[in-house]
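Enquirer: Quick one: the structure is below, questions incoming.
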Amino acid sequence: MPDAATDDLKQLETDGLAELRACADEAALRAWNTKYFGDKGLMKGALSAIGKIAKDQRAAYGQEANRVKVALESAYTAALAEAKEKALQASLTANPLDVTLPGRIRPRGRLHPATQILRQVYAVFADLGFQVYRTREVETDEMNFEFLNMPAHHPARDMWDTFFTTTPGVILRTHTSPGQIHVMREVRPKPIRVILPGMCYRNEAISTRSEIQFHQVEGLAVGEGITMADLKGTITAFARRMFGPDRQVRIRSSYFPFTEPSIEVDIDWPKDDPNRDRLTKGTGWLEIMGAGMVHPNVLRAGGYDPATVTGFAFGMGPQRMLMLKHAIDDIRLFWQNDLRFLRQF
Ligand code: DAH
């Protein structure tokens, strides 16, 4: 059978293999592949040339053409794999990578301790049936004082050193108590059981125990037949959940214009803390909230008739509670954003 056509096939194979061996990298190999196996490639040409072969030699030509095609194809596949492996090895030696090294740990954010304690407070009061209600930080003088039974020039206003705005009658709230009026006016029907968390501002000297801005969580319950016993029960249940069974709760009588009678609630400072005396002024107790039975004038300002409903209210300081929980000796740490402090929570 040897004739010109088959010789051409053999030549194609020899040339192809030689050129393949000369390819230095993957790009050269791919170019080779286009030259031989592309749409207008040499192999395609050789295969379609079968039409010009004499009939009796076509079968032999076809077989030979197929053999060459398979031989070139498998040589190409092997060369390509080898080139890829070579490139991989080269890059591994150029940029050595130690896969046994430990990974880089991504720094994780965390919740600010103030957010954490607020969420704990919400959780305890949610279990006691209280909803969270938010009101504004910029208040009117009327809301912050007047409707809370402190008319202009009332001496008790001195208890809250106020930040005023340039708009007459508009101030930064000194406590969350004005929220009581908002809730009573906005939430119907009774009974009301809410807590009102938020930031408060006081124009005071900054010390280890007081900041000019701090959170409070106000509480308000209004309905028929609510008594001081309900207030005491609520506060005690809250303190037990918050501080555990080993800490003591002390309730003292006090004065606030918006409650009658009024009380204050203290928790005992951890006994083994060396800063105990300094932080509790030698008493061993730290106040965490004021509370009392809502004054009739406040109920009236909220649109309720004190002859038919009563209520209790409280206002607590979550920052104070955090200090008590963790024996933190300086309230100023909360807003300094010192990571060494914040990372401990
Ligand atoms: N608003 C008071 C304060 O800032 C705390 C307070 C006392 C809130 C008695 C109350 C309350 O709701 O009944 O010091």
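Enquirer: Answer yes or no as to whether MET228 is within 23 Å of THR280 (Cα to Cα) and in the same structural domain as ARG173 (by TED's automatic domain parsing).
Expert: Against the criterion (within 23 Å of THR280 (Cα to Cα) and in the same structural domain as ARG173 (by TED's automatic domain parsing)), MET228 does not qualify.
Enquirer: Moving on. Taking segment 184-198 on its own, how many of its residues are touching a strand residue (DSSP E or B) at 6+ places or on another chain (Cβ under 6 Å) and within 30 Å of THR162 (Cα to Cα)?
Expert: So the answer is 6.
Enquirer: Continuing with the same structure: Let me confirm something: among ARG247, ARG252, which residue is away from the ligand (no atom under 12 Å from the Cβ), touching a strand residue (DSSP E or B) at 6+ places or on another chain (Cβ under 7 Å) and farther than 20 Å from VAL121 by Cβ?
Expert: Only one candidate qualifies: ARG252.
Enquirer: Could you figure out which of (1) farther than 21 Å from VAL121 by Cβ; (2) modelled with pLDDT under 95; (3) within 11 Å of the ligand (Cβ to nearest atom) isn't true of VAL298?
Expert: (2)
Enquirer: Here are some residues: ARG209, ARG193, ARG241. Which one is open to solvent by 40 Å² or more (accessible area, probe 1.4 Å), more than 13 Å from the ligand (Cβ to nearest atom), part of a helix (DSSP H, G or I) and touching a residue at least 60 places away in the same chain (Cβ under 8 Å)?
Expert: Answer to the check: ARG241.
Enquirer: OK, next. Could you look through segment 142-179, keep only residues that are open to solvent by less than 30 Å² (accessible area, probe 1.4 Å) and of a type in the set (S, T, N, Q), and pick out the one that is farthest from the ligand (Cβ to nearest atom)?
Expert: Top of the filtered list is THR162.
Enquirer: Just need a number here: residues in segment 306-339 that are of a type outside the set (A, V, I, L, M, F, W, C), open to solvent by less than 10 Å² (accessible area, probe 1.4 Å) and more than 24 Å from the chain's Cα centre (by Cα).
Expert: 1
Enquirer: Among (1) open to solvent by less than 50 Å² (accessible area, probe 1.4 Å); (2) more than 30 Å from ALA152 (Cα to Cα), there is one condition LYS271 misses while meeting the rest; what is its number?
Expert: Tallying (1) open to solvent by less than 50 Å² (accessible area, probe 1.4 Å); (2) more than 30 Å from ALA152 (Cα to Cα), LYS271 fails exactly one: (1).
Enquirer: If a residue has to be of a type in the set (Gly, Ala, Ser) and under 60 Å from the mean Cα position of the chain (by Cα) to count, how many in segment 1-30 make the cut?
Expert: Final tally of qualifying residues: 4.
Enquirer: Evaluate the following for LYS10: is it basic (Lys, Arg), within 28 Å of ALA87 (Cβ to Cβ) and in contact (Cβ under 8 Å) with a residue 12 or more places away in the chain?
Expert: no
Enquirer: From ILE235, ILE263, ILE226, grab the single residue that is assigned to a helix (DSSP H, G or I) and within 16 Å of the ligand (Cβ to nearest atom).
Expert: One residue alone meets the criteria, ILE235.
Enquirer: Further question on the same structure: Could we say that ASP246 is charged (D, E, K, R) and outside any strand (DSSP E or B) here?
Expert: yes
Enquirer: Let me ask you something else. Checking the conditions here, which among SER253, SER262 is within 15 Å of GLY292 (Cβ to Cβ), in the same structural domain as HIS154 (by TED's automatic domain parsing) and surrounded by 14 or more Cβ atoms within 10 Å (Cβ to Cβ)?
Expert: After applying the criteria, what remains is SER262.
Enquirer: Condition test on LEU279, is it modelled with pLDDT under 95 and within 16 Å of the ligand (Cβ to nearest atom)?
Expert: No: the conditions fail for LEU279.
Enquirer: Tell me, please, whether a residue that is part of a strand (DSSP E or B), among the aromatic types (Phe, Trp, Tyr) and buried (at least 18 other Cβ atoms within 10 Å of the Cβ) can be found in segment 275-285.
Expert: yes
The values are calculated or read from the model by the stated rules, or taken from the named source; none is laboratory data. Just so we're clear, the structure is a prediction, and the values are computed from it rather than from any experiment. Neighbour counts are summed over all protein chains in view; Cβ atoms, including those assigned to glycine, are modelled from backbone coordinates with ideal geometry. Side chains are part of the model used for accessible areas, which takes the heavy atoms of the whole protein and leaves out ligands, DNA and RNA. Shrake-Rupley method; radii C 1.70, N 1.55, O 1.52, S 1.80 Å.
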